[in-house]
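The values are calculated or read from the model by the stated rules, or taken from the named source; none is laboratory data. What you see is a predicted model, and the numbers here were worked out from it, not measured in a lab. Counting neighbours? That spans all protein chains shown, and the Cβs are built from the backbone with ideal geometry, glycine included.
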2 protein chains.
Amino acid sequence: MAEPLFDPSSPVPLYKQAADHVAARAASGELARGQRLPGEHDLAQEWGVAYLTVRRAMRELRERGLVTTVPGKGTYVN
Amino acid sequence: MAEPLFDPSSPVPLYKQAADHVAARAASGELARGQRLPGEHDLAQEWGVAYLTVRRAMRELRERGLVTTVPGKGTYVN
DNA sequence: CTATATTTGTGCGTATGTATG
DNA sequence: ACATACATACGCACAAATATA
């Protein structure tokens with residue numbers, strides 16, 4: 001039932017941990033290119049973090065060029 | 001007493017209006033280089049917007065290279 | 001054309017942590 | 001020890017864009 005997944009007491013910000021989590025799964029091929037990620041609200045619940053934290057993680061991933069976000073549609077793996 | 005300054009009903013996001021406001025004042029020379037801006041909480045009250053909105057405006061300005069933020073000190077005009 | 005559902009975007013409030021002076 | 005200031009994080013609500021029935 002909802003493992004930790006991320007460590008709130010870590011010096012690494014939660015949003016960064018989350019972004020790294022996605023980045024690692026993309027790098028390993030677990031997330032296929034073109035694949036749509038779950039909605040941000042869903043991810044927040046799934047990860048047990050705040051919506052704002054997911055938004056920051058997505059921004060981080062966009063800035064790294066790992067994903068592309070289309071308003072009203074979703075976020076896709078590049 | 002506290003004019004609108006920014007228009008919440010505008011299609012332009014508040015944080016962008018705020019960033020543009022600062023950018024314009026910097027470009028006009030009204031804000032001198034090296035000058036420290038008021039604190040984010042103060043700006044939030046002064047502008048009548050939320051703290052997070054100010055934070056977003058500052059982030060916008062940092063990304064544009066117009067200001068530099070030093071944690072524990074303040075935000076300075078470049 | 002309208003209505004609805006989904007998803008991202010924006011905004012407010014608050015609390016706590018960290019760094020500097 | 002204390003004040004100031006930025007950083008991260010939580011919660012909630014509503015608006016805007018997109019797709020579909």
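Within the set of pairs 6+ apart or on separate chains, which have a first residue in the stretch A:41-52 that is free of Cβ contacts under 8 Å to residues at least 60 places away in the same chain and closer than 19 Å to A:LYS73 by Cβ, a second that is more than 6 Å from DNA strand D (Cβ to nearest atom) and part of a helix (DSSP H, G or I), and C-beta atoms under 7 Å apart?
Sorted first by the residue in the stretch A:41-52, then by its partner, the pairs are A:LEU43/A:VAL54; A:ALA44/A:VAL54; A:TYR51/A:GLU40; A:TYR51/A:HIS41; A:TYR51/A:ALA44.
Being within 11 Å of the chain's Cα centre (by Cα) and within 14 Å of chain A (Cβ to nearest Cβ) is the filter; apply it to the stretch B:52-63 and report the residue that is nearest to DNA strand C (Cβ to nearest atom).
B:THR53
Quick check on the stretch B:64-74: of everything there that is more than 13 Å from DNA strand C (Cβ to nearest atom) and of a type outside the set (Lys, Arg), which residue is nearest to the other protein chains (Cβ to nearest Cβ)?
Among residues in the stretch B:64-74 that are more than 13 Å from DNA strand C (Cβ to nearest atom) and of a type outside the set (Lys, Arg), the one nearest to the other protein chains (Cβ to nearest Cβ) is B:GLY65.
Identify, from the list A:VAL22, A:VAL12, the residue that is modelled with pLDDT of 95 or more and out of contact with any Ser or Thr (no Cβ under 7 Å at 6 or more places or on another chain).
Going through A:VAL22, A:VAL12 in turn, the sole match is A:VAL22.
Scan the stretch B:49-72 residue by residue and report those that are surrounded by 15 or more Cβ atoms within 10 Å (Cβ to Cβ) and farther than 25 Å from A:GLU63 by Cα.
B:VAL49
What do you reckon, is B:LEU43 within 11 Å of DNA strand D (Cβ to nearest atom), within 12 Å of the chain's Cα centre (by Cα) and surrounded by 15 or more Cβ atoms within 10 Å (Cβ to Cβ)?
Judged against the criteria, B:LEU43 is a match.
Please indicate, with yes or no, whether at least one residue in the stretch A:57-70 is touching a helix residue (DSSP H, G or I) at 6+ places or on another chain (Cβ under 9 Å), β-branched (Val, Ile, Thr) and closer than 23 Å to B:LEU52 by Cα.
Checking the stretch A:57-70: at least one residue is touching a helix residue (DSSP H, G or I) at 6+ places or on another chain (Cβ under 9 Å), β-branched (Val, Ile, Thr) and closer than 23 Å to B:LEU52 by Cα.
Before we move on, is A:VAL12 within 9 Å of DNA strand D (Cβ to nearest atom), in contact with a Leu (Cβ under 7 Å, 6 or more places away or on another chain) and under 21 Å from B:ARG55 (Cα atoms)?
no
Taking B:GLN45 as the residue in question, decide whether it is farther than 25 Å from A:GLU60 by Cβ and touching a strand residue (DSSP E or B) at 6+ places or on another chain (Cβ under 6 Å).
Considered against the rule, which asks whether it is farther than 25 Å from A:GLU60 by Cβ and touching a strand residue (DSSP E or B) at 6+ places or on another chain (Cβ under 6 Å), B:GLN45 comes out as no.
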